[in-house]
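Below is one structure, written out as structure tokens, with a few remarks after it.
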Amino acid sequence: MRATDIQIAIQEILADETGEDTNPDSLLQAAEMVCTKIRSSLCSRIGNEGFRTLVQRSFTLSASKIAADSVNLALSKNILLGLPTVTDDEGILTSNAAQIAVLVDNVVTLVSALIELLSSFIGDEITVRILENIWPNRSFNNKSGWEIK
């Protein structure tokens, strides 16, 4: 699995989830949903501690690629782990559209690193099966990346 293929796939999944909606909040919700699905699937296989360890390693490996703003780093990691994000009194993320776009890009980078790391541990074949289980309308072809079935 190539990192660029994985990133493109995650971006396509986000686009599928938001459809025509270009609202930054919708994109953030889609990113949270992607993380929830991955977290749920992997935690059932490797446990919460195993997942946290995988996220921490992914975070370390991709830290140089994501926005160095400490708030964005923490929020990205929290979204992947399913932890609360920084919100105002009404529960709304206190960021503007540009900040949300950076945050979503960071999440895509982190998820991609996590999938790449998982693939290096358990192999492409099992990783692909896990991902196809999460997104049954997609299949992975090692030569050309993700394709919709």
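The values are calculated or read from the model by the stated rules, or taken from the named source; none is laboratory data. Since the structure is predicted, the reported quantities are computational estimates derived from the model, not experimental observations. Heads up, the Cβs are rebuilt from the backbone with ideal geometry, glycines too, and the neighbour counts pull from every protein chain shown.
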Identify, please: which residue in the range 1-17 is out of contact with any Lys or Arg (no Cβ under 8 Å at 6 or more places or on another chain) and closer than 21 Å to Asn78 by Cα and is, among those, surrounded by the fewest Cβ atoms within 10 Å (Cβ to Cβ)? Gln11
Restricted to the range 77-118, and to residues that are of a type in the set (A, V, I, L, M), over 19 Å from Ala15 (Cβ atoms) and modelled with pLDDT of 80 or more, which residue is surrounded by the fewest Cβ atoms within 10 Å (Cβ to Cβ)? Leu117
Might you let me know whether the range 68-75 holds any residue that is under 14 Å from Glu32 (Cβ atoms) and modelled with pLDDT under 75? yes
Test of understanding: among Ala9, Ala30, Ala15, which residue is under 24 Å from Glu125 (Cα atoms) and in a helix (DSSP H, G or I)? Ala9
Within the range 18-37, the residues that are over 11 Å from the mean Cα position of the chain (by Cα), in contact (Cβ under 8 Å) with a residue 40 or more places away in the chain and surrounded by fewer than 18 Cβ atoms within 10 Å (Cβ to Cβ) are Asp25
